[in-house]
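Encoded as structure tokens, the structure appears first; notes follow it.
Every number in this text was worked out from the coordinates using simple rules, so none of it is lab data. Please read all numbers here as calculations on a predicted model, not as lab measurements. Note: ideal-geometry Cβ built from the backbone for every residue, glycine included; neighbour counts use all protein chains shown.
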Amino acid sequence: MNGTYAIVGVGETPVGKVPEWSKTGLALLAAKRAIEDAGMNHKEIDGVLTSQMGGTFIYSLEVATLLGIQPRYTTVMELGGATSVCMAQQAMAAIDAGLCETVLCIHAQKQQTGPTRPRHTPPVDRGFDEFDRPFGHPGAIAVHAMAAQRHMYEYGTPNVAFGNIAMAMRKHASLNANAQRREPMTLDDYWASRWVVEPFRLLDCCQVSDGAGAFIVTSADRAKDLRKAPIYIAGYGQFHPHRFISDQHADATRLGAHISGPDAFRRAGITPKDIDVAELYDCFTYVVLSELEDYGFCEKGEGAEFVQDGQIEIGGRLPVNTHGGLLSQGHVEGMLHVVEGVRQLRGGEVEPKRQVPGARRALVSGHGGQMSTHGTLILSRDEP
Amino acid sequence: MNTKRPLPRPDEDSEVFWEGCRAEELRMQECSECHTLRFRPRPVCPECLSDQFKWTPVSGKGRVYTFGVVRSGVLPSFREEVPYVLALIDLEEGPRMTSRIVGCEPEAVEIGMSVRVLFEALDDTISLPYFCPQ
Ligand SMILES: [Zn+2]
């Protein structure tokens, strides 16, 4: 990119059970909060990106219209859990290309309460459904459980590593007033948790949630006139290795992060040791372990040691998911990882007990599908 | 037969594969240009982009790349079948596919173990390729 870009507004709705709000309503509420956070007039926004989020025809424009915005640039993005992180990059690219000046990015979901879709309706369609589901493949959980099994085989990773990750996320969620699961969790609770798809227990799995989040991207120049300190996008990258983990070239022990991470660090001109806080996509515990390795926070195969002894908790060597993540705050598909990264770097915007003191740089990741998509942002308080 | 169970719906790309399973023969596409075998079925080779190919039977022998034991009825139509083993199978000829390991206890399944295909008829047209210890 030629220019420098920043996130200037973030918004978050209640997470968990939110029966009184529709999915689109949650999207609008998150957007309103992000716009107010930026101190902008919403008519100044000329770009709108939304995730597909099971929405209707031209859904991003439906959301824009309901907000009273007539965008110069809009589209729906669908990269699973990598969508939010990749929306930030799409927003930068659109502004850099001169298509628009300020982009609002939104994701909402309604999976805990309200009208829900049936889990599947036979006969099934191509792709995942034709060659996976007829075998009793329950989707993301089995993909990630099989990946974890392979990692355990190759590197001797013990189950307790997954328990340590689950406990760290829960500890952070317990400090977050807007978290779905705030009650304490011990390692005994983890061991007592029932198997779902072995080697995953119930406590290895993310929450099922209602909720939404939004953020606003604009140029560094425009950002200087707004209400809050800009949080700059210093580094970015994406890598999308395969749609199906059954592709013969898929490596189950490695995420797209092993490419998107080095790209993002190179663009930011920093290394993993310069990161103060990491908001890592955590649909399942194992993914955090693999990300720590694939981003180079530790060597491949050393993730289990890295997550021991509170090292990924606030106060540890690399606090991870200071909001509690998908595992315990709630599943808003990675959007709230971006929101939390921004708030941590602004400082003073989250409960004091979960503020990483003096944090200047955050890494935020998104990950989707069958370990299919991956995106990385490196956020910075300092103008690159 | 469990009628609620999701069944594959063969299409232009996949019908020869599913006909093969019905005839108890595991078939893969082989590129006529570079001779790479591929799975999932598609009309274009991912190695050389040739659209010329033939269907060829494979041995049905392979190894477990990795697996997971489904111990909870996440999918309602499979609830009565738990526990069962889902696996990624690397065929001797190269392609990888999702399947189930049957014919042994879940505790006996290991990464790298040798397996061979067998077919389970679900209805008059669809048989699924499962794998069992070789
Ligand atoms: Zn070829």
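Taking a Cβ cut-off of under 14 Å around A:Asp204, the surrounding Lys, Arg, Asp and Glu residues balance to a net charge of +2, with basic ones at +1 and acidic ones at -1.
Near A:Asp46: Cβ cut-off under 13 Å, other residues only, Lys/Arg at +1 and Asp/Glu at -1. The net charge is +1. Among A:Glu62, B:Glu15, the ranking by other beta carbons within 10 Å of each residue's beta carbon, starting with the fewest, stands as B:Glu15, A:Glu62.
A simple rule links phi to the HN-Hα coupling: the Karplus curve 6.51 cos²θ - 1.76 cosθ + 1.60 with θ = phi - 60°, which for region B:96-112 gives 10, 9, 7, 7, 10, 9, 10, x, 7, 5, x, 5, 8, 7, 9, 4, x Hz, with x for Gly and Pro. Listed by Cβ neighbour count within 10 Å, with the fewest neighbours leading, A:Arg254, A:Arg266 appear as A:Arg266, A:Arg254. Every helix of 4 or more DSSP H residues in chain B counts as -39500 (n - 2.57), and over all residues that averages to -1500 deg cm²/dmol at 222 nm.
Computed per residue of chain A from DSSP H runs no shorter than four, each worth -39500 (n - 2.57), the mean residue ellipticity at 222 nm is -9500 deg cm²/dmol. Binning the C-alpha pair distances of region A:291-354 at 5 Å intervals from 0 yields a P(r) profile of 4, 16, 22, 25, 20, 11, 2, 0 %, listed from the shortest bin outward. The modelled label-to-label distance between B:Leu49 and A:Glu44, using points 7 Å beyond Cα along the C-beta direction, is 4.6 nm.
For region A:208-215, 3J(HN,Hα) computed residue by residue from phi via the Karplus equation (6.51, -1.76, 1.60; θ = phi - 60°) reads 10, 9, 9, x, 8, x, 8, 8 Hz, glycine and proline entered as x.
Note that region A:312-324 has calculated 3J(HN,Hα) couplings of 9, 9, 4, x, x, 5, 9, x, 10, 6, 5, 9, x Hz, one per residue in order, obtained from phi through the Karplus relation 6.51 cos²θ - 1.76 cosθ + 1.60 (θ = phi - 60°); glycine and proline are x.
Label zone of A:Glu351 (point 7 Å out along Cα→Cβ, amide N under 11 Å): in region A:164-195 this covers A:171-184. Here B:Ile111, A:Ile165, A:Ile275 are placed in order of increasing Cβ neighbour count within 10 Å, fewest first, which gives B:Ile111, A:Ile275, A:Ile165. Note on region B:15-133: Kirkwood radius taken over Cα pairs, Stokes-Einstein applied at 20 °C and 1.002 mPa s, translational D equal to 141 µm² s⁻¹.
Packing-based ranking of A:202-215, A:97-110 yields A:202-215, A:97-110, ordered from highest to lowest mean Cβ neighbour count within 10 Å. Geometric descriptor of the protein assembly as shown, per residue, is 147 Å³ (volume of the convex hull of the Cα atoms).
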